[in-house]
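Written below as structure tokens is the structure these notes are about.
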């Protein structure tokens, strides 16, 4: 799709990487706002909408479930649930029944957010301009606030569950007496803190880094036709090259978005299993 104006490739890229931001200090939309008191409204909107889509999809399947021959939609949903359940059984060997539903939600929510990268780069931002929205990022998982926020939530759930599974004494013992025993408690505590803090950071940055790189490539491919009009020979050639390259990258990127959702889901289950394991 052609970019508007003559802002050039660098301006085009920066524009597409700028969120629709609300500055809570002034309660005004400010694309230049930074800091803790800044809300990325587009990331929040698409995250919530995609979560609702997940709930509606699975709720509709449950409401129409039949004990007889299942329809295609019911069969698909059952396959998804059985796949997630098998992954949970392989990694989690404790009694908490909420782990499998949590893994199902996390896996599909991340997949839906990643799948937004399959839409044309300029499609939703162009439509948003009719509502007066100048900046719009449509892939929530390319926002570090969303990726790290989800990973931090998983970490807090797992850390809180460790107290339920092992008690205060068991968790304290892990922080103070492992792996080097009671004579090196300060070292044990420091190592355990590093180990725990590395979980949400690595989980979030892995998702953000891979999805951000994919978004950058799509935006770069979209710059092929920036310097040409739609009716020029150069514009037609640039459009053809853009479509061919974008199609090839999209086919490969489908594997990436699926793999990242799967990794996020499996690591969530692994962290829950680690929280419940007794040393």
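For this structure, a couple of remarks:
- Cβ-Cβ distances below 6 Å connect the following pairs, each with a first residue in the stretch 219-244 that is closer than 16 Å to residue 122 by Cβ, a second residue that is loosely packed, with under 12 Cβ neighbours inside 10 Å and modelled with pLDDT under 65, and a separation of six or more residues or different chains: 235/229.
- For residue 102, the conditions (1) under 21 Å from residue 253 (Cα atoms); (2) touching a residue at least 40 places away in the same chain (Cβ under 8 Å) all hold with the exception of (1).
- Output for the stretch 117-132, where each listed residue is without any contact (Cβ under 8 Å) to a residue 40 or more places away in the chain, in a loop (DSSP other than H, G, I, E, B) and either in contact with a helix residue (DSSP H, G or I) (Cβ under 8 Å, 6 or more places away or on another chain) or surrounded by 11 or more Cβ atoms within 10 Å (Cβ to Cβ) (or both): 119
- All conditions but one from (1) surrounded by fewer than 15 Cβ atoms within 10 Å (Cβ to Cβ); (2) part of a helix (DSSP H, G or I); (3) modelled with pLDDT under 90 apply to residue 254; the one that does not is (3).
- Residue within the stretch 162-169 that is within 29 Å of residue 89 (Cβ to Cβ) and not in a helix (DSSP H, G or I) present: no
The values are calculated or read from the model by the stated rules, or taken from the named source; none is laboratory data. This one's a predicted model, so the numbers in the text were calculated from it and none came from an experiment. Backbone-built Cβ (ideal geometry, glycine too); neighbour counts: all protein chains shown.
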